[in-house]
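Values quoted throughout were computed directly from the atomic coordinates according to the rules given, and no laboratory measurement underlies them. It should be emphasised that the depicted structure is a prediction, and the values quoted were computed from it without experimental measurement. We place every Cβ from the backbone using ideal geometry, glycine too, and count neighbours over all the protein chains shown.
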């Protein structure tokens, strides 16, 4: 039960006070202040650096319990006793993400919205209200171990999804250390799972005719988008955000420059004559910024058209991201090496590129046949 001292009215009128304040028994400096709009926990202390009396609102009672307020005060008290700025102890995991990390990834990662979504779904509800100074490896490990799917039809998350949440935690806390918000990262020793769900789906030779026949029934702009994805291996959001000012078709080595890719780095994508033809069909309209313009900015993801295409073509287990794998697999079969594909894909690690490449049955049989021919004379 909340124990407080007698009320101290801070208003100018005895009948209608603007606010009232009650001290929390047993926690020096912590007060419960009642305003016309509700109640808030407020901590009053003398700043160890400026020596001035300071009041800090910790949070409203509807969002914060007394226990949470007491934990924050304890962290602030430790900073004050050490002669440091106590505001370090006040920032919660959610506040650090919203006020610091989110601004950073919006500027540096094209996939920032995916990071925000993972944080909101898996992290914020569990440890969002905990002060950063109170987060340890055990809390993060417990969060990762107890990750659950949002969809009702799923019983568990894939190893890849768990790894993405773990990677988010590692990146987030590492940045806070870099920025001097915390002294060490509690996510440093979190281990990534060994992923066993490698996807190898591409468009099979026997599916090609049906696929392109179904594609011909879709809107022209969508047809050109699919063809560009297949011919370049770029991600869907990279194609949709591609701008005319970054297209170079002159010379014998035409390219498309992607300034903001998933990993935060830009890259040049080589364009084949067929890819150039697709881009030329789009038409370089000077009044449009994007190759695939929408009503405001670039075209939105055409999920409905992809679903209809895959259904009509009889490849409903295909995803648009499989076009990227299809490009790499065909390029490898035609003589490209994995290092080249790593640069085209924009991957930072060669192992990531290797997971994208699906083994082709003809190539595997050819390899086995060549070994057999070499050993035939000795058998």
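Worth a mention:
- FRET efficiency, 1/(1 + (r/R0)^6) with R0 30 Å, evaluated for residue 336 and residue 204 via beta carbons: 0.90
- Potential extension, residue 177-residue 343 segment - 0.36 nm per residue separation minus Cα distance: 56.7 nm
- Per-peptide average of other Cβ atoms within 10 Å, ordering 289-297, 28-36, 247-255 highest first: 28-36, 289-297, 247-255
- Note on residue 194 and residue 50: with the Förster distance fixed at 51 Å, the Cβ-Cβ geometry gives a FRET efficiency of about 0.50.
- Estimated inter-spin distance, residue 316 and residue 265, nm [label 7 Å along Cα→Cβ]: 4.1
- Overall form of segment 93-178: oblate. Here a/c, set by the Cα gyration tensor axes a ≥ b ≥ c, is 1.5 or more, and a/b is not larger than b/c.
- Computed from the C-beta positions of residue 57 and residue 295, the FRET efficiency with R₀ = 41 Å rounds to 0.45.
- Based on C-alpha pairs under 8 angstrom that are at least 6 apart in sequence, segment 116-231 has a relative contact order of 23 percent.
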